[in-house]
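Read-outs: derived from the displayed coordinates by stated rules, not from any lab. Everything numeric here is computed off the predicted structure, so don't read it as measured data. Note that we place each Cβ from the backbone using ideal geometry, even for glycine, and neighbour counts take in every protein chain shown.
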Amino acid sequence: MTTTSGNLEPPVSDGRATRWNGHKAQRRADVIDAAITVIEEHGVEVSVQQIADRLNLPRPVVYRHFDGRTDLDEQIRRQILESLLAQIMPKLHPDGTVRDAVRGAVGTYVRWVERHPNLHRFIGGAVPQGDSSLAGAKDRIGGRLADLFALWLSRFGIDPGRARPMAFGIIGFVDGVVNSWRADPNSTLASDQVEGILTESVLALFEGNARSLGVPLERDVVVGDLLARPEALRAE
């Protein structure tokens, strides 16, 4: 009895392959979750052996699921940032006032950094590169802000090309202030003070840009109204 070359494996092999791929994906997820826990507990200088010990696995099994330590670290950063973005991105929707939106986004970030100092240090240790998870996270936040700014500017007949520099300037400012605060061992500022400083500073940046463009912007204006009915806010 002969068989054709195109039908060497029984159909069940597809199911086995699917289950095996699912097993590998779950093992990768388990390794990343364990790594995050170890970083939270012991700091950023963690070894693969510590991660393996957490899972009761041999060290080579951990490496088997990643293309070396650099890939493992990048996947850990990606997971940390996805978790952070899941908290920040909902704050960047046009609900509440301008003041509420700024305070909500800034406060969420500052409090996260205070609760997770080791994770913050870990994501900050990424090697600068255009396609890194850290750069991607900043692009997503900046892109969302830029979209909101562009909509606001275009409703007033102003070049929306100004939106992206405004958005990424704010991100760089917030990031720089928070990094400096966490890096200063002599800082006496509490997180609520940093949140207040950043909120007031970002609002001042908004107001300064609006004023230079001849567009009034009040802190207690509802964001949705600002985007939907700009004529009501146009300078008399």
Which value in nm describes the separation of the simple spin-label points at Gln50 and Asp147, placed 7 Å from the Cα toward the beta carbon? 3.8 nm
At a Förster radius of 45 Å, what calculated FRET efficiency corresponds to the Cβ-Cβ distance of Leu213 and Asn118, to the nearest 0.05? 0.60
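Go ahead and run the numbers for FRET between Leu189 and Lys24, Cβ-Cβ distance against an R0 of 30 Å, rounding to 0.05.
Details: r = 45 Å, r/R0 = 1.51.
Using R0 = 30 Å, I get an efficiency of 0.10.
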What are the residues whose amide H is under 5 Å from the amide H of Thr97, where those residues sit 5 or more places off or on another chain and H is modelled from the backbone? Val223
Val61 to Leu85: FRET efficiency via 1/(1 + (r/R0)^6), r the Cβ-Cβ distance, R0 30 Å, to the nearest 0.05? 0.50
